[in-house]
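Here the structure comes first, spelled out in structure tokens, and everything after it is commentary.
What follows is calculated from the coordinates using simple rules that are stated; it is not laboratory data. Everything quoted here is computed from the prediction, not taken from an experiment. Methodologically, a virtual Cβ is constructed for each residue, glycine included, from the backbone with ideal geometry; neighbour enumeration extends over all protein chains shown.
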Amino acid sequence: MPNTVIGAFMAGVASQQPEFVNALFDTQSFQDEVNRNLGATINQITGGMFKQMMFFFPCKREQTAIGQFFAELDKLIAQRRQQEAQTRQLKQAMLGKMFPARGEKQPHIRLQGFSGDWQEVKLGDVIDRKIKGKAQLEKLGKGNTPYLDANHLNGGKPFLSDGTEDVSERDILIIWDGSNAGKVYTEFRGALGSTLKAYRAAENCYPYFLFQELARNESVIFNQYRTPNIPHVVKDFTDEYFFLVPSLEEQTAIGQFFKQLDDTLALHGRQIALLQNLKAACLQKMFA
């Protein structure tokens, strides 16, 4: 990093094998040494402490090979993160262009073959069924049905229960109670937890289009459709929330467009996690 100024609470390390040393700094053995030397009241490492830390080093030729290996892994991880960020930026830009702006009836960008004004509907007009979650973790036994709660929806490991499966991947789930009330999800199946509700789109509405409409307006739901003290979504939400929709054909095209972007983001995330896990495993195996 040429022409870089080191901050007051940082230190620079010069080395003839910088890539190897950089990899060493990512190891658990280095973190253990840091933790062992931290002050009891002030978390800082002095230069003297740093110089006294002991590690095993191979010959310079092997240091070079190891350093280059981890530098290449870091490069791949950085590339995947950049691709993920670019895809996320593209999605945000297209959400702003492919849905009408406030006060307008047509989006700035249309997929080929579509034209005309969008029509205003209330949420209740495009929902075929509302499902109130009934499953309670403490009353469930083990089984094969995923128990759907905020922890699982946000990436946590599901509890496989003996509960009744009452939602499918096409349903739109919304947290109804708690600090995250109003946050929406889709593509989950299982037994719906008692703090959640689900909406099943009617035949006049493409499910993934409806999900994108609600997801892009989560801040609006948070600010305008929740109770002020103990947060939960207002009772008449489906009668009070109005938005614009195009024809079912255009809804389908828009929904599929954003589904492809979301699938690409998920793929980037899996690739990053795989590379990070590979790096962690190799750090553990390739350093003493």
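Pulled fully out, how much extra length does the chain show between HIS108 and ALA65, if you take 0.36 nm times their separation in residues and subtract their Cα-Cα distance?
Working: separation 43, 0.36 × 43 = 15.48 nm, distance 5.23 nm.
Between HIS108 and ALA65, full extension yields an extra 10.3 nm.
About the Cα centre, and with charges only on the beta carbon of Lys, Arg (+1) and Asp, Glu (-1), how big is the dipole of the range 50-154? Nearest 20 debye, please.
Dipole about the Cα centre, nearest 20: 160 debye.
Across the chain, where is the longest run that never hits chymotrypsin sites (Phe, Trp or Tyr not before Pro) in a DSSP loop with at most 13 other C-beta atoms within 10 Å?
57-288
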Check: Contour minus end-to-end for MET286 and ILE230, with contour as 0.36 nm per residue of separation and end-to-end as the Cα-Cα distance?
Finding: 15.0 nm
Item checked: Listed pairs LYS91/LYS139; LYS157/LYS285; LYS157/LYS197; LYS91/LYS285; LYS60/LYS157; LYS157/LYS279 exceeding 32 Å between Cα atoms -> LYS91/LYS139; LYS91/LYS285; LYS60/LYS157
Check: Where does the charge balance sit around VAL184 when Lys and Arg score +1, Asp and Glu -1, over other residues with C-beta under 11 Å from its C-beta?
Finding: 0
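Any idea what the dipole of the chain comes to, in debye rounded to 20, about its Cα centre with Lys/Arg Cβ at +1 and Asp/Glu Cβ at -1? Intermediate values should be presented prior to the final figure.
Values: 33 positive and 32 negative charges, 134 e Å.
The dipole of the chain has a size of about 640 debye.
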